[in-house]
Each structure stands twice: as C-alpha cells, then as structure tokens.
1. Find the relative contact order for the stretch 1-157 and round it to a whole percent, using C-alpha pairs within less than 8 Å whose residues are 6+ positions apart.
2. Once the piece of chain linking S90 and V105 is laid out straight, how much longer is it, given 0.36 nm per residue of separation minus the C-alpha distance between them?
3. Keeping the other protein chains in place, figure out the carbon and sulfur percent of the accessible area of the stretch 100-156, with a 1.4 Å probe.
4. With a 10 Å radius around each residue's Cβ, average the other Cβ atoms per peptide and rank 90-100, 42-52, highest first.
5. Using 7 Å Cα-to-Cβ label points, what is the L97/E145 separation (nm, one decimal)?
6. Would you work out which of S90, T125, Y78 lies farthest towards the positive end of the dipole of the stretch 74-126, given +1 charges on the beta-carbon of Lys and Arg and -1 on that of Asp and Glu, about the Cα centre?
7. With every protein chain kept in the model, how would you rank R115, R53, R143 by accessible area, 1.4 Å probe, largest at the top?
8. Calculate I(q)/I(0) for the stretch 60-116 by the Debye formula, one identical point scatterer on each C-alpha and no solvent, and give its log10 at q = 0.24, 0.26 Å⁻¹ to two decimals.
Amino acid sequence: MTNSISASVPTDPQALADAVAQAMWSRDNASQALGMHIEAIAPGQATLSMAVRADMVNGHHICHGGFMFTLADSTFAYACNSHNRNTVASACAIDFLAPAREGDVLEAEAIERSRAGRTGVYDITVRIRGGKTVALFRGKSYRIEGEVIAGLAAVVQAASATTSAASPA
C-alpha cells in the first residue's frame, strides 16, 4: 500500500534540500521583505542574493552592516536546515571587509564546514555580484527538536520499513 505522502518524499539529498528550502521560504517573511532571493541550494550549502536599496543605506551612504549581516544569517539558516533537521544559530560573527553601495547586488554563499551531533560550523562569504568580497561570516549552529518539513523522517522511516518487509529474505 502506497500513500500519497510517501510517493512524494524526497530521498535524494539534493531533492530534500530543495524541498526544505521551499518550505522555509514559504514562511520566511523577513528575507522576503528585504528582497532576498534563493540562488542555489545544496545539502549543507546555500546562496542567497539581495539588492542594496535606498532604505538600506546608512549615513555614510553605504549599505548598513546590519543588512549584510541579515543576508549572511539568512543564507546560514538555509544551509544548516538543508538536511531537514530544525537548526538554529548558537553563535555568529562577521567581519566587514569593504562597503557595498546602493544598487549593488550582494550574494552570500554558505558552506558547511562541520556537522556532528547537534552542532555545526558554517562559513558565509558575502560578495558584490561578480566581484569584491565585502564580508566574512561564521555561524555556529545547534540542532533542536523537530524537522523543517514536519513528519518527513517518520514517512521516510515507514517507507523504508515497508520496502524492507516486502523484500524477499
């Protein structure tokens, strides 16, 4: 007996990362309000972009560091949740290397450096599209209870058990 949920469960890590990103994006009002876009997702990796708008520029007429931090933090969130395990930031730090200006499109790329037990470490590089690195961010993650796509692990486990039971010994 096959139910419709198990028929659509992503088993491929890339398909799972894509499904998790879609689920997160549907509820991510903050990133959407800032005009961010998901450029790429892979297990333990993410790339998001954001155009620097006039309302993101500070008194020095450069992008306020808080907006660069928020782009890096959102990218970190998509990378560390890509395995469908609810994961939050436990610590993060950013180094601002160069200014971004109104009209620049920023791209943040997150790479998983370590994931073991409940913790992970991710490096995020923020660049002006096609050019200069403007910030380096390191995020430390902590896995909490639950899944981004709730119940997915149980469905996968049940499907696996059904497949095992149906296989000849």
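The values are calculated or read from the model by the stated rules, or taken from the named source; none is laboratory data. Values in this document were obtained by computation on a predicted structure and should not be read as measured data. Cβ coordinates were reconstructed from backbone atoms using ideal geometry, including for glycine residues, and neighbour counts include every protein chain displayed. Surface areas here come from the heavy atoms of the whole protein model, side chains and all, with no ligands, DNA or RNA. Shrake-Rupley method; radii C 1.70, N 1.55, O 1.52, S 1.80 Å.
1. In percent, rounded to a whole number, it is 24.
2. 2.6 nm
3. Using a 1.4 Å probe with all protein chains present, the stretch 100-156 comes out at 49 percent carbon and sulfur.
4. 42-52, 90-100
5. 4.1 nm
6. After comparing all options, I get S90.
7. Working: R115 130, R53 85, R143 50 Å².
Ranked list, largest accessible area first: R115, R53, R143.
8. With one equal scatterer per Cα and no solvent, log10 I(q)/I(0) is -1.04, -1.16.
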